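Have a look at the structure below before the remarks.
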Amino acid sequence: MKFKYFLITFFSLGGLVACISETQEGVTSSSQTTAGGSPSYIVDASWPKTMPNLWKIGGITGLAVDSNDNVWIYNRPNDITALELHAEVGDGECCVMPPSMIHIDRNGNVIGSFDAPQGHGMDVDSEGYVYLGTDTVRKYDPNTGEVVGEIARTPERENGARVGLPAWPPERFPGIGAGNGLGPIAGFINTQNRVRNPEAPAPDADQLARQASQQQARMEFRMKYPPETPMIVGGLEEIRIMEGLNEIFIADNYLGGRVLVFDFETLEFKRGWGAYGKPLAEISINDEDHAYTPGGAMAADFVGHLTLNVSDDGLVYAADRNGNRIHVTDLEGNFIDEFILAPLTGIGGSTGGVAFSPDPEQQHLYISDLTNNKIWFLDRATGEVIGELGRMGENAGEFYGLHMIDVDSDGNIYTGEVFSGERAQRFVPTTSERGQLIQQVYNLEY
């Protein structure tokens, strides 16, 4: 079945409505979908309010709606450049480095914060404890910022990088960014696939020797820590607290990504699996089994940047972003289905964060797409794309590095951007009371 989608932008106020297949007068329903079945949302540019204390947030690497429908944002202060920190040295009115964890209420007000080492992935339990992904999963008391629990990880990394918490906040000079000073997009851009120099020299003997040595070191590490290692081995990508199951679902990035399940109370390892639900021990340690060419055959194992979420009816949706696909399994890892999304998408991939529509059946998947900078709406039963929201840009409702996504109990969508986006946004259903009010304001003429 095909639907027509109309993207309407009101330039006077910078608003944006997407995925509208039919307009109805006087609609008062709180449903998130239009008559055609596609989710329909409008950006709420009033949320959040201006950050207090002259804070300028960095790229958002974690976002979670808590049990009170307030939003926790985990950002990377080290992304911030000297250009954005004039207030620290008094040669401008804004800004200063923020804390990494910021708590925002439904009205857009900051209601709490604490500073923790930056990382990737987060969630919040029903008591308000915050779980952050640094080099493992650590449980933080939000009132004190102290670590009160952590999941075991290996004492070393495959690439030899640091293990354990760094000194925080990092030592730096006021007015100078704490990172590499090049901003959040540096290191992600890869022009090798677009710019080819036919006259470029082949690797010399020294380069080939270094490559061989690095490959040997990788294989030795993988033999020492095989895929079934029952602890965190790589970096963290995603954390999902499932208190009803008394479990924590985690994706680390070792060998392209592993789904790992830990006990919620004891933080002890319980089980895990790889692509197509294969047992951890069957994940390949050979890089070629994790390789993927956009538009080509699906890889035998996860490709990279694995995220996940768990539905109320007990299905696990593991999004292999660099592989442009989502794998559906049951809670034990038994493979059910594969959804392929925008398969021609190159570096960065299309399948980022996974969220669910708020209806009791959770009929739709909401997928954030870092590369194409849009939210895909999928039929959860079939994986069929039924709508989309957004595009690359810097106006309200557009995205620049769409990274994180979550949904509150009313169906409002919250997003977090990295790259030069570095912001959180809220989208409300067009058929909700607030959505209708925003549309009325946007329709005002001068």
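The values are calculated or read from the model by the stated rules, or taken from the named source; none is laboratory data. Predicted, not measured: the structure shown is a model, and the values here were computed from it. Neighbour counts are summed over all protein chains in view; Cβ atoms, including those assigned to glycine, are modelled from backbone coordinates with ideal geometry. What goes into the accessible areas is simple: the full protein's heavy atoms, side chains included, and nothing from ligands, DNA or RNA. Shrake-Rupley method; radii C 1.70, N 1.55, O 1.52, S 1.80 Å.
Of the residues in segment 91-107, how many are open to solvent by 10 Å² or more (accessible area, probe 1.4 Å), assigned to a loop (DSSP other than H, G, I, E, B) and touching a Ser or Thr at 6+ places or on another chain (Cβ under 9 Å)?
Residues of segment 91-107 open to solvent by 10 Å² or more (accessible area, probe 1.4 Å): 91-97, 99, 103, 105-107.
Right, trim to assigned to a loop (DSSP other than H, G, I, E, B) and you get 91-95, 97, 99, 105-107.
Filter once more, so that each one left must be touching a Ser or Thr at 6+ places or on another chain (Cβ under 9 Å): 99, 107.
Of the residues in segment 91-107, 2 are open to solvent by 10 Å² or more (accessible area, probe 1.4 Å), assigned to a loop (DSSP other than H, G, I, E, B) and touching a Ser or Thr at 6+ places or on another chain (Cβ under 9 Å).
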- Set Thr329, Thr345, Thr371: member being of a type outside the set (A, V, I, L, M, F, W, C), in a strand (DSSP E or B) and buried (at least 16 other Cβ atoms within 10 Å of the Cβ): Thr329
- Query: Can you name every residue in segment 286-318 that is closer than 15 Å to Asn253 by Cβ and touching a His at 6+ places or on another chain (Cβ under 8 Å)?
  - Reply: Ala299, Asp301, Phe302, Val303, Gly304, Ala318
- Item | segment 381-397, residues that are open to solvent by less than 30 Å² (accessible area, probe 1.4 Å) and closer than 17 Å to Gly353 by Cα | Gly383, Gly387, Leu389, Gly390
- Taking interchain pairs and intrachain pairs at least six residues apart, which have beta carbon atoms under 7 angstrom, with the first residue in segment 292-309 and closer than 13 Å to Gly349 by Cβ and in contact (Cβ under 8 Å) with a residue 12 or more places away in the chain and the second surrounded by 18 or more Cβ atoms within 10 Å (Cβ to Cβ) and hydroxyl-bearing (Ser, Thr, Tyr)? Pro294/Thr345; Ala299/Tyr292; Val303/Tyr292
- What number of residues within segment 47-63 are open to solvent by 50 Å² or more (accessible area, probe 1.4 Å) and under 16 Å from Glu88 (Cα atoms)? 2
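Looking only at segment 392-408, how many residues end up being in a loop (DSSP other than H, G, I, E, B) and touching a residue at least 40 places away in the same chain (Cβ under 8 Å)?
Step one: filter segment 392-408 for residues in a loop (DSSP other than H, G, I, E, B), giving 393-398, 400-401, 408.
So of that shortlist, the ones also touching a residue at least 40 places away in the same chain (Cβ under 8 Å) come out as 395-398, 401, 408.
Summing the residues that are in a loop (DSSP other than H, G, I, E, B) and touching a residue at least 40 places away in the same chain (Cβ under 8 Å) in segment 392-408 gives 6.
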- Query: How many residues, within segment 144-169, are exposed (fewer than 13 other Cβ atoms within 10 Å of the Cβ) and more than 27 Å from Gln215 (Cα to Cα)?
  - Reply: 5
- Within segment 65-90, how many residues are touching a residue at least 40 places away in the same chain (Cβ under 8 Å) and either surrounded by fewer than 15 Cβ atoms within 10 Å (Cβ to Cβ) or part of a loop (DSSP other than H, G, I, E, B) (or both)? 9
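Here's the yes/no breakdown for (1) modelled with pLDDT of 95 or more; (2) hydroxyl-bearing (Ser, Thr, Tyr); (3) open to solvent by 10 Å² or more (accessible area, probe 1.4 Å):
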position	(1), (2), (3)
Gly349	yes, no, no
Ile367	yes, no, no
Asp410	yes, no, yes
Gly416	yes, no, no
Ser420	no, yes, yes
Arg426	yes, no, yes
Glu445	no, no, yes
